[in-house]
1. Based on DSSP H assignment, which helices of chain A show an axial Cα extent of at least 15 Å together with a mean Kyte-Doolittle hydropathy greater than or equal to -0.5?
2. Leaving out ligands, DNA and RNA but keeping every protein chain, what accessible area does A:R141 have, in Å² rounded to the nearest 10, with a 1.4 Å probe?
3. About the Cα centre of the protein assembly as shown, how large is the charge dipole given +1 on each Lys and Arg Cβ and -1 on each Asp and Glu Cβ? Please answer in debye to the nearest 20.
4. Using only Cα atoms, what Kirkwood radius does segment B:33-186 have, in angstroms?
5. Using a 1.4 Å probe, how large is the accessible area of A:V541, given in Å² and rounded to the nearest 10?
6. At a probe radius of 1.4 Å, what is the per-residue accessible area of A:D218, in Å² to the nearest 10?
7. Would you mind counting up the charge near A:S636? Only other residues with Cβ under 10 Å from its Cβ, with Lys and Arg at +1 and Asp and Glu at -1.
8. Put +1 on the Cβ of each Lys and Arg and -1 on the Cβ of each Asp and Glu in the protein assembly as shown; which of A:G604, B:I85, A:S460 then has its Cα farthest toward the positive end of the dipole?
Amino acid sequence: MAGARDRARRRELWAKALITGAAMAVLSSTFLLFAYLLWEVLPLLRPARLRPLETVAVKGSVFAFPGELPGSFWTLSQEGVVRVRPQGEAVRLPQVAPPLTAAIADRWARWLAVSDAEGIKVYRVSLRPSFVGQERQLKLRLSSPFVAAATEVKLLAVGGEATPLVLGVRGGVTYLWRAQGGSLEAVVLSSQEGHAAVVNEAGDRVWLASDRQLTVWDGGGGRLATAPLLAPATVVTLLLGDLTCLVGDRQGNVQAFGLFQGEGGNFLLEGFATFRGPGPVLGLAPSPRSKAFAVLRPGLVQVDYLTSGKVLAQHAVPEGARTGLAFAPRGERLLVTEESGGAHVLAADLGHPEATLGTLFGKVRYEGYRNTTWTWQSTGGSNAFEPKLSLVPLIFGSFKGAFYAMLFSAPLAFLAALYTSQFATARLRQWVKPVVELLAGVPSVVVGFVAALVLAPWLSAHLGAVLLALFVLPVTLLTAAWLCELRPRPWQLRLQERWERVLTLGLLLVGLGIVWLFAPGVERLLFPGGLLEFLHTRLGVSYDQRNALVTGFALGFAVLPVIFTLAEEALSNVPESLVNAALSLGASRARAAWTVVVPAAAPGLVAALLLGFGRAVGETMIVLMASGNAPVLSFSPFSGMRTMAACIAVELPEAAYGETLYRVLLLVALLLFAFTLVTNLLGQRIARGLRRRFGVAR
Amino acid sequence: MSENVRFSLQNLTCAYSGQVVVRDVSLDIPAAGVTAFIGPSGCGKSTILRCLNRMNDVVPGFSLSGRVLLDGEDLYGDSQDPVLIRRRVGMVFQRSNPFPTSIFNNVAYGLKLHFKLTRAQLELEVEQALRAAALWDEVKDRLQAPATSLSGGQQQRLCIARALAVKPEVMLFDEPASALDPVATGKVEELVMDLGRRMTVVIVTHNLAQASRVADRTAFFLRGELIEFNRTVALFTNPQRPETEAYLLGRLA
């Protein structure tokens with residue numbers, strides 16, 4: 001007897017432990033999911049850092065540039081010998097006539113121009129890692145030089161694509177040398193003395209800064225545009241992508257300029273940002289990975305980010321560092337060379353400068369844009385593309401989709417729930433409820449597929465008919481209701497339900513028939529060129545085939561069962577005794593439903609709407625297929641959207657682990673998670689409050 | 001006698017989905033005083049009560065034959081609107097069922113439904129109804145409080161006030177005190193008797209003592225049939241039928 005009781009107690013304990021364990025597991029997995037997302041997102045906040053790696057003596061060299069392999073760089077000595085470190089391969093420049101008086105390279109060190117005893121020689125440099133046995137080494141290749149017999153030239157810039165362009169100053173005049181066969185031909189670019197210049201990668205734009213102005217020329221020496229400068233320029237460079245020109249000056253300003261094509265094809269040079277700092281700008285180096293750039297000022301190197309305008313990191317360097325500043329080809333190291341022959345290698349960890357609070361949520365002016373925008377455009381065609389990671393279009397898209405879904409589903413679900421719970425016979429209710437709940441089981445991919453491939457083309461072909469139906473069907477429904485009231489009284493008791501249904505359905509069919517028959521004629525009459533044409537030319541509304549209407553309909557289809565089920569439950573749970581009380585006071589059934597049941601169930605209805613909204617915001621497959629996925633910021637029902645959920649689905653598989661896009665997508669996931677969690681908790685809380693409210697009365 | 005009859009039931013037979021629960025009942029309920037329906041559970045007394053204001057209409061499968069006359073009019077006649085009937089015949093249910101809103105709004109509900117009143121008129125009518133239900137003094141300071149904050153007895157009197165507010169000619173009570181404690185029951189009974197002096201009151205009760213206290217006339221039902229209908233004193237002291245006597249002596253479950 002005692003043994004049996006013990007067993008029972010032990011069983012109870014086990015059951016309790018099991019249930020508690022399961023509940024804890026659910027809770028902790030939710031928490032873990034949250035923690036994981038947070039863990040992946042938090043590195044976005046990691047600050048950029050410049051850290052000294054080593055200082056190397058490069059005595060007697062006229063030029064130094066970092067290489068692609070870790071710790072590697074190459075130098076050029078006055079004797080014209082290129083040394084690749086750390087392996088120590090030494091190659092003499094072909095046909096060089098030492099000593100060298102000057103050497104310059106383009107931003108990525110693909111062209112090297114030297115000034116030797118005979119004149120100017122320009123080499124194509126290729127320094128690529130390749131395997132030597134088991135080891136990866138940098139392999140140096142130098143072309144035979146393009147030669148110009150011009151001595152005593154102050155070299156300003158070299159660059160170009162297949163053949164080089166060289167800029168230099170001789171006798172106060174700025175020349176441009178262009179390749180003609182193996183030699184370089186000079187043209188006078190400007191009678192003024194240029195201080196600094198840069199040539200773009202395509203070799204068709206030359207940016208030249210003199211005392212007080214910045215001028216852009218095309219590759220043939222034609223002048224395109226000019227803009228004034230704040231102070232005499234010291235350094236000029238182009239950011240990755242060649243859209244923005246940075247001009248550093250003697251007063252420490254770094255001005256950013258963009259070249260825009262105005263109406264009529266003329267060019268405009270616009271300064272759109274200025275970065276200030278102490279002391280003259282001695283060097284500028286664009287990052288080969290992003291829109292970040294390094295600025296060298298006396299005693300200080302810092303890295304700024306163009307789009308956000310922020311100083312990412314800074315680091316002190318010796319005062320004498322004044323000749324060279326360059327990023328390694330992968331952007332992970334920064335080389336600062338001193339005139340005295342020391343080279344400081346800094347590890348440059350730039351963090352995630354594209355994703356700041358300002359760029360994620362604020363309006364940003366991107367490179368090449370003339371206005372600030374909220375733009376989501378995470379990937380582009382080239383390496384130079386700057387990811388535009390504004391979450392605003394995605395959040396907007398999610399809410400737009402959910403809004404249109406609710407616009408379609410909420411009234412329908414609410415009225416259906418009201419009818420089913422208050423007016424339908426028990427037999428009809430037994431049919432309707434499972435059928436609507438069955439809708440919830442339709443795989444969303446099927447709904448999305450039908451919406452995108454059947455509904456969307458159909459809607460664009462029959463938009464006029466649908467809009468007409470939106471007007472005609474409510475009218476026929478009201479007519480049906482009016483006719484129901486007109487019937488002879490005796491029917492009221494017995495044939496009520498069936499007759500109302502037959503009459504209503506019949507009239508709806510008649511209404512649809514009217515729409516079907518007359519819509520084409522009405523459309524032709526009102527809009528001779530077709531409705532879409534009218535929308536486009538007269539109202540300036542563009543019609544996307546996959547738009548908010550299609551999405552709202554399809555998404556509403558998925559959300560409707562959720563709202564219906566919860567609303568029906570809330571309405572049915574209003575105690576019958578309250579309805580009886582209202583009826584006994586002389587309210588009609590409809591009045592009782594409207595004035596007693598609906599207010600009493602209001603918290604439950606709100607909860608149903610909230611949970612439906614949460615579902616609509618989180619739904620992925622349908623919007624992925626039906627919404628067109630264009631991250632536009634338009635509330636028009638005829639334009640599409642990109643929602644947070646669909647964006648994650650589309651882009652996460654393409655995002656490299658750990659990169660900014662990956663982390664930003666997980667941030668989107670975190671936002672989505674937080675939002676649905678909050679709506680669900682709120683909805684459940686309200687629903688629970690409702691149950692407590694009727695605890696007494698029921 | 002005829003002009004004093006409020007309800008006249010003539011061969012009333014009721015069924016739910018074909019199952020007969022009230023069989024061939026004929027009964028005249030006088031306009032003055034309180035009439036009680038007694039009988040064991042399932043005897044059909046509540047069904048008959050609900051025929052008096054057509055509250056059975058909303059029950060699925062309900063059917064009726066015979067006639068129910070209110071002041072000589074057939075309640076189930078073709079031209080009758082149940083909504084109007086229910087306004088004339090108020091009802092209070094077994095369990096108090098205040099709307100989940102304020103005390104004031106509960107009483108005002110029926111008024112707002114039927115009359116267009118100014119705020120001041122509404123307040124006056126609500127006060128009168130609450131006074132008539134002997135609840136005014138207890139709630140006058142907290143009219144905006146939720147109705148569910150009242151005690152069970154107060155809630156039931158609030159329901160009475162709510163029914164009285166639309167000025168019915170008849171009040172039906174369906175075991176109004178069955179869920180209340182003795183003190184609250186006493187107050188409701190007092191109220192029922194008080195109302196009986198001013199209007200027709202019909203009360204269904206399973207509590208014989210209650211029937212003997214409040215009712216001027218009592219009808220005894222058994223298995224859907226009317227066994228005996230008489231002045232309460234006569235029925236209780238000198239039952240004419242053996243079934244009545246057996247029930248009164250507690251020998252009939």
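1. The qualifying helices are A:2-41, A:392-422, A:426-439, A:463-486, A:496-526, A:548-572, A:598-618, A:660-693.
2. Probe radius 1.4 Å; accessible area of A:R141 about 150 Å².
3. Computed about the Cα centre, the dipole is about 1640 debye.
4. On the way: mean 1/r = 0.0599 Å⁻¹.
Result for segment B:33-186, one decimal place: 16.7 Å.
5. Spelled out: A:V541, probe radius 1.4 Å, area about 40 Å².
6. 50 Å²
7. 0
8. Of the candidates, B:I85 comes out farthest on the positive side.
The values are calculated or read from the model by the stated rules, or taken from the named source; none is laboratory data. These numbers were taken from a predicted model, which means no experiment stands behind them. Positions of Cβ are backbone-derived with ideal geometry, glycine not excepted, and every protein chain shown enters the neighbour counts. Areas reflect the complete protein model, heavy atoms only, side chains present, ligands, DNA and RNA absent. Shrake-Rupley method; radii C 1.70, N 1.55, O 1.52, S 1.80 Å.
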